[in-house]
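Taking it in order: structure first as structure tokens, then the write-up.
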Amino acid sequence: MKRSDYARDIVLLWPETEPVWSLWEQIRNQWRAGAVGAYALDYNVLFYQLDRMGLPPDEHQDLFDGIRVIEAEVLSIWMEEREAEEKKRAKT
């Protein structure tokens, strides 16, 4: 990921989304990657961070679920960008 991958605008969060966003900020650069790029977050790092937080099981699960939503959206955006780049290359 590059700095340009992140919005420069100020983003306001609903209070209930702050915990998952704070966790995302800690692990957002921990991706599993292969020949075609990143394909998943490294859940070992995610679980380590969650365990360090000492949360009850339901809060642990809520944060995990929230991170998975963010992960899916980031991967979807990256796939769209790759497809657009491939189309661009195919035209030249």
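The values are calculated or read from the model by the stated rules, or taken from the named source; none is laboratory data. Computed from a predicted model, the values in this text were never measured in an experiment. Note: ideal-geometry Cβ built from the backbone for every residue, glycine included; neighbour counts use all protein chains shown. Heads up: the accessible areas ignore ligands, DNA and RNA and are worked out on the full protein's heavy atoms, side chains in. Shrake-Rupley method; radii C 1.70, N 1.55, O 1.52, S 1.80 Å.
Residue-wise test of (1) touching a strand residue (DSSP E or B) at 6+ places or on another chain (Cβ under 8 Å); (2) of a type in the set (Phe, Trp, Tyr).
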{"site": "Asp9", "(1), (2)": "no, no"}
{"site": "Ser22", "(1), (2)": "no, no"}
{"site": "Glu25", "(1), (2)": "no, no"}
{"site": "Gln30", "(1), (2)": "yes, no"}
{"site": "Leu55", "(1), (2)": "no, no"}
{"site": "Trp78", "(1), (2)": "yes, yes"}
{"site": "Glu85", "(1), (2)": "no, no"}
{"site": "Lys88", "(1), (2)": "no, no"}
Point to revise | Candidates Glu71, Glu59 - the one that is of a type in the set (D, E, K, R), surrounded by 10 or more Cβ atoms within 10 Å (Cβ to Cβ) and touching a strand residue (DSSP E or B) at 6+ places or on another chain (Cβ under 6 Å) | key: Glu71
Exercise for review: Would you check which residues across the stretch 74-91 are more than 19 Å from Gly34 (Cα to Cα) and open to solvent by less than 100 Å² (accessible area, probe 1.4 Å) and list them?
Suggested key: Ala84, Ala90
**Study point:** Any chance Tyr48 is closer than 30 Å to Glu85 by Cα and of a type in the set (Phe, Trp, Tyr)
**Key:** no
Review point. Pairs, please: C-beta under 7 Å, at least 6 apart or cross-chain, first residue over 12 Å from Leu46 (Cα atoms) and in the stretch 9-28, second open to solvent by 80 Å² or more (accessible area, probe 1.4 Å) and not basic (Lys, Arg)?
Key: Leu13/Trp21
